[in-house]
Amino acid sequence: MDQPLAHQLALVTGASRGIGAATALALAALGAHVVITARDADGLERVEEAIFAAGGSATIAPLDLTEADSIARLAAAVAERWTALDVMVLNAARLGALAAVPAIDPKELAAILTLNVSAPASLIAAFDPLLRESAAGKVIGVTSSVGRKPRAFWGAYGASKAAFEMLVGAYGEEMEGISPIRAAILDPGATRTRMRADAYPGEDPKTVKDPAVVARRIATLAVEGFEPGHFERVEG
């Protein structure tokens, strides 16, 4: 079997279902050992079983990325077992309620920003030392089109994704001259996920693409690499 990611370590957040789960499967199929994290332990176990059944390898790390010290504990546990992190896919996100800007609940906005912005910042900080130990560390952030183009009633989520893109992009700029680490932003486009179903409850899920389509593109980026500041949208 062709396994270009053999002997590499990948970390995928929000990996219990949807794009995260599909990405974990795709990376494992290419030979990476995948650390998968999410709050849903049962979902992670199902993904782990699917990876094992396909001949891959994975480690589950059930945790809430918004809890104090959870990310530091995860990084410490990974560092005890591995010397480098080759791929980090920042996929976990919270949609929140869609509302007009004057009606946004401040507490919910804070929760959205905590998971969608603060947690990725903490992940980058905690895993930066391990990424620097990789021959070609890659950080791939999963975003949304509303982070670049305002849309009515999507202000809270869109603002969080705009900040997320700036955060990941700035890290990539910082690393460009001093490290082989590269950072990319990927917009999955309309994809059959639970978040999509929550946002568009009347939509026929069969009219949008399977998460595996997005996962294959992320896996390709992990194998082939990309130029600094890379951004793309997955159509289909």
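The values are calculated or read from the model by the stated rules, or taken from the named source; none is laboratory data. Just so you know, these numbers come straight off a predicted model, no measurement behind them. Because the Cβ atoms are built from the backbone with ideal geometry, glycine has one as well, and the counts that use them run over all protein chains shown. These accessible areas exclude ligands, DNA and RNA; they are computed on the full protein's heavy atoms, side chains included. Shrake-Rupley method; radii C 1.70, N 1.55, O 1.52, S 1.80 Å.
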### Query
Of (1) modelled with pLDDT of 95 or more; (2) farther than 24 Å from ALA121 by Cα; (3) in contact with a strand residue (DSSP E or B) (Cβ under 6 Å, 6 or more places away or on another chain), HIS230 satisfies all except one. Which?
(2)
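This table checks each residue for (1) closer than 23 Å to ALA215 by Cα; (2) at pLDDT below 95; (3) of a type in the set (A, V, I, L, M).
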| position | (1), (2), (3) |
| --- | --- |
| ILE60 | yes, no, yes |
| GLU67 | no, no, no |
| SER70 | no, no, no |
| ILE112 | no, no, yes |
| ARG148 | yes, no, no |
### Message
Go through (1) under 20 Å from PHE226 (Cβ atoms); (2) in contact with a helix residue (DSSP H, G or I) (Cβ under 6 Å, 6 or more places away or on another chain); (3) surrounded by fewer than 17 Cβ atoms within 10 Å (Cβ to Cβ) for VAL101 and report which single condition fails.
### Response
(1)
### Query
Given the structure, is ALA222 of a type in the set (Gly, Ala, Ser), at pLDDT 95 or above and open to solvent by 40 Å² or more (accessible area, probe 1.4 Å)?
no
#### Entry: Residues of region 1-20 satisfying the condition of being in contact with a helix residue (DSSP H, G or I) (Cβ under 6 Å, 6 or more places away or on another chain) and under 16 Å from MET88 (Cβ atoms)
ALA10, VAL12, GLY14, ALA15, ILE19
#### Entry: LEU186 in contact with a His (Cβ under 9 Å, 6 or more places away or on another chain) and in a helix (DSSP H, G or I)
no
### Query
Hey, among the residues in region 127-146 that are assigned to a helix (DSSP H, G or I) and surrounded by fewer than 18 Cβ atoms within 10 Å (Cβ to Cβ), which one's nearest to the chain's Cα centre (by Cα)?
SER145
### Query
Taking region 160-183 as the region of interest, how many residues are more than 12 Å from GLY141 (Cβ to Cβ), assigned to a helix (DSSP H, G or I) and open to solvent by 50 Å² or more (accessible area, probe 1.4 Å)?
3
### Query
Which ones in region 92-121 are touching a strand residue (DSSP E or B) at 6+ places or on another chain (Cβ under 8 Å) and without any contact (Cβ under 8 Å) to a residue 12 or more places away in the chain?
ASP105
### Query
Among the residues of region 36-50, is there at least one that is surrounded by fewer than 24 Cβ atoms within 10 Å (Cβ to Cβ), basic (Lys, Arg) and more than 24 Å from SER122 (Cα to Cα)?
yes
